[in-house]
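Report on the following structure.
The values are calculated or read from the model by the stated rules, or taken from the named source; none is laboratory data. Just so we're clear, the structure is a prediction, and the values are computed from it rather than from any experiment. Every residue, glycine as well, gets a Cβ built from its backbone with ideal geometry; the counts of neighbours run over all protein chains shown.
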Amino acid sequence: MIKAIEGEDAKYPINFFPGANTRYGFHSKFAQIDSNLAQKVYILKGGPGVGKSTFIRRISDHLTAAGYTGEYYWCSSDSVSLDGVYFGDIGIKIIDGTNPHMIDPELPGIRDETLNLLKVPNARQLKKHRSEIAKLSDLKKYYFSLAYGYLAAAGSFADTIENTIRSEYKISEVICTHETREIVDKITQSHRERTNPKYTPNDRNMFISGICPQGIISNAHELVESSRTIYLVRDKWKLFAQSLLDIIQQIALINDFSCWKFFSPLDPGKLQHLYLPQIRLAVLTVRNGNKLSIPEEKRETVIKLDTPLTSEIDEIVSSLSTKITDEIEEARKSLKIARNYHKELEKYYTASVDFSAVNKVAEKVIDKLF
């Protein structure tokens, strides 16, 4: 039986994407799922269709029924497929460690345990379909590659927009506003009022939205539900908001606050949202208006960083923005085709799996936990 962890940094049930389909290909932040705080880590290995997602759900359901709170990590290549869970209050992490995540144990035999579900399938049955499986695998890889090509093009257009607007404005002049200073003052004041100033920050880098076969999926509404105070940053081109978020996360670090940084699924090097769990403060960015439903009592202020452009520049930037939307849509279509080939692969493996054996592995894990 694993004992609950005691700590000041409250956790909330939030759905994340620990990996993203980006302009640079698949980008993983799986290592950010609080491994340092975990008491036990289960890493699942195995091919498609061997029951990894079902295995994760089964353990998660038992822990949830027992009253524990989990975080859920969804696959950006199929947003209804579960890639992992983390139950912070008891320090349990279960994660899919197969390609493209490729996670190996850091503390084998001490904290981390690898569960190889690939041992379960009937190898003889699979070998009968070797050529079909190889062909489907190649097709899946091709369409993933095609999707990343489209996303690379979208990223290139975004760079052109950024360079164009930078030629017209100095970022420092746009983001140095009364509202910006208000956020900084609030964080600093909260630091002064803290009861445990020696607390060690627990920073995290994740995605809360993803470019998926189903479209652009965002769980930012859950940040709204978990926050007491929300600053909404409105920036049509997300250029100035990025610089503002950089400043705020640095202020949080100076004041010893945990800062959960959520990055753009298109460009994993650029911030999209911030969340400070200890004071339950969120800084959320939106593009064309407020698409998030935020209660008035939570919304502290709206920071408007939209900047007027000359008609000539506006026409160029608007055209490039349309191209970005088109490229992302083409990427979505390719990801959907890749997912369909993956599902065809799963059929071969599923037909060869002895799921009673997989269930026994799950039962052993549950017995260890309870």
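Some values worked out for this structure:
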item	result
Residue selected from the stretch 88-98 under the condition assigned to a strand (DSSP E or B) and touching a Lys or Arg at 6+ places or on another chain (Cβ under 8 Å), by the criterion nearest to residue 51 (Cα to Cα)	96
Yes/no for residue 357 being in contact (Cβ under 8 Å) with a residue 12 or more places away in the chain, in a helix (DSSP H, G or I) and surrounded by 20 or more Cβ atoms within 10 Å (Cβ to Cβ)	no
The lone exception for residue 327 - which of (1) among the acidic types (Asp, Glu); (2) more than 30 Å from residue 125 (Cβ to Cβ); (3) surrounded by fewer than 18 Cβ atoms within 10 Å (Cβ to Cβ) it fails	(3)
Residue check for residue 312: within 28 Å of the chain's Cα centre (by Cα), assigned to a helix (DSSP H, G or I) and acidic (Asp, Glu)	no
Qualifying residue in the stretch 32-45 (condition: at pLDDT below 85, buried (at least 20 other Cβ atoms within 10 Å of the Cβ) and outside the structural domain of residue 205 (by TED's automatic domain parsing))	yes
The listed residue being under 17 Å from the mean Cα position of the chain (by Cα) and assigned to a helix (DSSP H, G or I), out of 245, 223	223
Check on residue 266, of a type in the set (A, V, I, L, M), outside the structural domain of residue 75 (by TED's automatic domain parsing) and assigned to a loop (DSSP other than H, G, I, E, B)	yes
Positions within the stretch 291-342 being basic (Lys, Arg) and at pLDDT 95 or above, in sequence order	323, 332, 333, 336, 339
Residue ranges of helices (runs of 4 or more DSSP H) in the stretch 127-203 with at least 1 members modelled with pLDDT of 75 or more and over 20 Å from residue 318 (Cα atoms)	130-166, 178-192
